[in-house]
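Here's the structure, in structure tokens; my notes come after.
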Amino acid sequence: MNEPKRLHKLYVLFPLFSVMKSIIPILVLLIIKGVNWSKFPWYGYAAAIVVIVLPFVLYGWFTWRKFSYTLQEDRIVLRRGIFVREEKSIYFSRIHSIQTQQPLIQRILRLAQLKIETPGGNTEADGVLPALAIAEAERVEQWLYLKRSEAAKKEEAPTAAEYAHEHAHHEEGESPEQNEGAIHESAPLMPREREVLLRLSAGRLFAGALTTMNLPLVVVFGTGVYSFADDLIPDHFYSSLVERAGQLSAIWWLGLVPVMFLLAWILSAVLFTIKYAGFTVEQEGGNITIVSGLLDRKKHVFSPAKVQAVEIKEGLLRQPFGYAEVEIFVLTSETEKKMMLHPLLPLRDVNELLARIVPQFELQPPVTCPPKRARWLFLRWKLLGAAVLGTAGTVFLGPTGALLFLLLPICAVWGYGCFNDEGMSIQGKQLTLRHRTISRSTALMRRPHVVTVNTVATPGQRSKSLLSVRAKLMVNRIGFKAVFLEREQANAVKDWFRQASAFMKR
């Protein structure tokens, strides 16, 4: 284990693949422009291929030769760099998590990349092995988890016991190298037992995606398509499109809106299914493993104790049928703090799912709700916005725009629903906050993971002796709120949080 190892030899091609991602859009643009490729001699193409391919393959070979990793007894050492050599040591006791991922290139080549994260690291992982055979990646991951567990046990052991252990070996005349070999022999790599807790088919994912609008996926996809099309479509096309759009009547535009919404809805469901294809939740060696992704396959491994909160979302299409989406917030150094645990689950089965994966959380209905005098505070801004839109539509669009006044009863129902769904409860170390914007969201938080609890009172709230409560977690200071509660109810949350602060001080 102490011998330097190299990445898979296909890592030589990675620099070439990186430059090809930039060249392919240019080639597509030239094809669309109608370039006459036959006027170039064959040896010109051959020379172009050599000039492009050879330097990057050579650079990849030197990069591969100079990249090595060494698994030592207390650390993993990464060495890389052609001209400037870099050596990074990551001690097992400081490893926060190990992630095995398969981006598109790695999936095509049947490789995997290993990300090693430490607390307080950058947005990127502290150590990355970008090209390993899948079996090798699993072996290294298992070794790192084993050594991290051993390091944690050593830190917990009394110092006197460690000294006695080392003194005994010293009297027996064992060298450090012999001692190290004994440790390797006493801790063989054994396959960890895996138990599949949850596996979702593509059909179940698509059905779950159809019950909500995944707008961020559509925006990212649309931005990418627009950026690519902007290089291919002539400039006069946009001016012609704007000119024709200006000639359309308002009725036509009102009819186009639901069609565009339907297309975006279906597109978001397809993208969601691709993103989470092969979704599997496993229990492995005391940790939870979530694997998902068709093109960019990701594997998230975490301890249930690292889960900061659970959020249950009931969308407008899900709530009438008693279904919800379950998400968890995990303390990790990655930018992605939120993980989907189930996209479409009957609400009655949520506690069964939580008991298998994160048993410290339990979904219970809120027992404290806003008083009746807070009802108008939920309605006022929604009704005002609908009235402003209706007035503006009537002024600028005439009788057709007056149809926007139909938003008044819709906003009234919306505000009344927000009032009925707001609430909170405290059971032991768990705080439950329920809130509605469009969909209803229920957040379950454990007291040790809450870093701040804030109370806010606007002039309207103060006149009715009401407060809003917002609790923030360690995970990127993500917050959940409950609004327009009685002062006594808000103070109960603050007292609940003070108990955690007092415990931390002790």
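For the set ARG356, ARG79, the ranking by accessible area, highest first and with no ligand, DNA or RNA atoms included, is ARG356, ARG79 under a 1.4 Å probe. Using all pairs of distinct alpha-carbon atoms, the Kirkwood hydrodynamic radius of segment 321-378 works out to 14.0 angstrom. Computed 3J(HN,Hα) for segment 342-348, one whole-Hz value per residue from the Karplus formula 6.51 cos²θ - 1.76 cosθ + 1.60 where θ = phi - 60°, is 6, x, 8, 9, x, 4, 5, glycine and proline marked x. Taken over the Cα atoms of segment 351-402, the convex hull encloses 160 Å³ per residue. Per atom type, segment 258-343 shows carbon and sulfur on 69% of its accessible surface, probed at 1.4 Å. Partners of LYS66 within straight-line reach, counting lysines whose Cα lies under 23 Å from its Cα and excluding those fewer than 8 residues away in the same chain: LYS5, LYS9, LYS88, LYS115.
Going by a ≥ b ≥ c, the root eigenvalues of the Cα gyration tensor, does segment 376-506 fall in the rounded group (a/c under 1.5), the prolate group (a/b larger than b/c) or the oblate group? Prolate, since a/c reaches 1.5 and a/b exceeds b/c. These residues, LYS39, LYS299, go from largest to smallest accessible area, 1.4 Å probe, as LYS39, LYS299. For segment 381-464, the carbon plus sulfur part of the accessible surface works out to 72%, probe radius 1.4 Å.
Taking ASP296, ASP349, ASP421 and ordering them by how much accessible surface each has at a 1.4 Å probe, largest first, produces ASP296, ASP349, ASP421. For LYS464, the lysines whose Cα falls under 27 Å of its own Cα, not counting residues fewer than eight places away in the same chain, are LYS372, LYS382, LYS472, LYS481, LYS494.
The values are calculated or read from the model by the stated rules, or taken from the named source; none is laboratory data. Just so it is clear, the structure is predicted and the values come from calculations on it, not from any experiment. Heads up: the accessible areas ignore ligands, DNA and RNA and are worked out on the full protein's heavy atoms, side chains in. Shrake-Rupley method; radii C 1.70, N 1.55, O 1.52, S 1.80 Å.
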